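Only the coordinates and a few stated rules stand behind these numbers; no lab work does. The model shown is predicted, which means the values in this text are computed figures rather than measured ones. Reconstructed Cβ throughout: ideal geometry from the backbone, glycine too, with neighbour counts over all protein chains shown.
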Amino acid sequence: MSPRVVYRYVPHTIRHVPEGGITYEAFCTAPGCDADSGPQEGQETAQDWALRHAGRTGHSLFRRVVTDHAEVTRSE
Ligand SMILES: [Zn+2]
């Protein structure tokens, strides 16, 4: 006998939760360079890293990632 999975529709809500924190990260996109700032708590820290990296290497294009946290709760 195969296991049965019962799906029941339950309304849920998703919302941003500040207590989960926000991280900022910058990735250098220059070919052959995989340098990145690592996740930073402040936007300025990630930007300062990009400025220093550009000054040191001449690399000028960065991909920026901002990560927040969201919580799902049942809304019934
Ligand atoms: Zn680079």
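Taking the 0 to 90 degree range and rounding to the nearest ten, how far is the long axis of helix 43-57 tilted relative to the main principal axis of the chain, both from C-alpha atoms?
Relative to the chain, helix 43-57 is tipped by roughly 40 degrees.
Ranking His59, His12, His53 by Cβ neighbours within 10 Å, fewest first, what do you get?
The most exposed by this proxy come first: His12, His59, His53.
Among the GluC sites (Glu not before Pro) in the stretch 18-57, which ones are in a DSSP loop with at most 12 other Cβ atoms within 10 Å of the Cβ? Mind listing them?
Within the stretch 18-57, the qualifying GluC sites (Glu not before Pro) (loop, at most 12 other Cβ atoms within 10 Å) are Glu41.
Ignoring the sites themselves, what is the longest stretch of the chain with no chymotrypsin sites (Phe, Trp or Tyr not before Pro) in a DSSP loop and at most 12 other beta-carbon atoms within 10 Å?
10-76
Name the trypsin sites (Lys or Arg not before Pro) in the stretch 1-74 that are in a loop by DSSP and that have at most 16 other C-beta atoms within 10 Å, would you?
Arg4, Arg8
So what's the Cα pair-distance distribution over the chain, bin width 5 Å, in %?
The percentages, shortest bin first, are 3, 14, 17, 13, 10, 8, 8, 8, 7, 6, 4, 2, 0.
Listing Val72, Val5 from the residue with the fewest other Cβ atoms within 10 Å to the one with the most, what is the order?
Ascending Cβ contact count within 10 Å gives the list Val5, Val72.
Expected output is a single nm value to one decimal: the length gained when fully extending between Val6 and Ala54, i.e. 0.36 nm times separation in residues minus the C-alpha distance. What is it?
Full-extension gain reported as 11.9 nm.
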